[in-house]
Amino acid sequence: MRPPASYTRTAIGLHWLIALALVVTFGVGLYMSDLPLSPTKLKIYSWHKWGGVTIFLLVWLRLGWRLTHRPPAPPAAMPAWQ
């Protein structure tokens, strides 16, 4: 069985969804760190925490997808050590 020519749309979608979620969650964390203790900070802290939980679950979903779907072959010009 030959490896596929490219990654599946699901793998690409999960990759970029996780990347976007990381950037947004990091930005929320930076924003909330300078806020004084208030109900608003606690609400944003909760968003940040649930963003991390969501990323954790998406990573597990992506790992499961990767284990059940073969990746494409590396380019022929790529050195073996990479």
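What is the diffusion coefficient of the chain in µm²/s, taking the Kirkwood radius over Cα pairs and the Stokes-Einstein relation at 10 °C with a viscosity of 1.306 mPa s?
On the way: Rh = 15.3 Å.
Estimated diffusion coefficient is 104 µm²/s.
Each Lys or Arg adds one and each Asp or Glu subtracts one; over the other residues with Cβ under 15 Å from the Cβ of Leu17, this totals +3. Surface composition of segment 35-81: carbon plus sulfur atoms contribute 74% of the solvent-accessible area (1.4 Å probe, protein chains only, all chains present).
Neighbours of Pro4, meaning other residues whose beta-carbon lies under 15 angstrom from its beta-carbon, give a summed charge of +4 when Lys and Arg score +1 and Asp and Glu score -1. Rounded to the nearest 500, the helix-only mean residue ellipticity at 222 nm of the chain stands at -24000 deg cm²/dmol, with each DSSP H run of n ≥ 4 adding -39,500 (n - 2.57). Surface analysis of the chain yields an accessible area of 84 Å² per residue, using protein heavy atoms and a 1.4 Å probe. With respect to the chain, whose longest principal axis is taken over its alpha-carbon atoms, helix 9-33 is tilted by about 20°.
Rounded to the nearest 0.05, the FRET efficiency derived from the C-beta distance between Ala80 and Val53 at R0 = 35 Å is 0.35.
Using only Cα atoms, find the angle between the long axis of helix 39-68 and the longest principal axis of the chain, and express it within 0 to 90 degrees, rounded to the nearest 10. With both axes taken from Cα atoms, the answer is about 10 degrees.
The values are calculated or read from the model by the stated rules, or taken from the named source; none is laboratory data. Remember, it's a predicted structure, so these values are computed and weren't measured experimentally. Counting neighbours? That spans all protein chains shown, and the Cβs are built from the backbone with ideal geometry, glycine included. All accessible areas refer to the heavy atoms of the entire protein, side chains included, with ligands and DNA or RNA removed. Shrake-Rupley method; radii C 1.70, N 1.55, O 1.52, S 1.80 Å.
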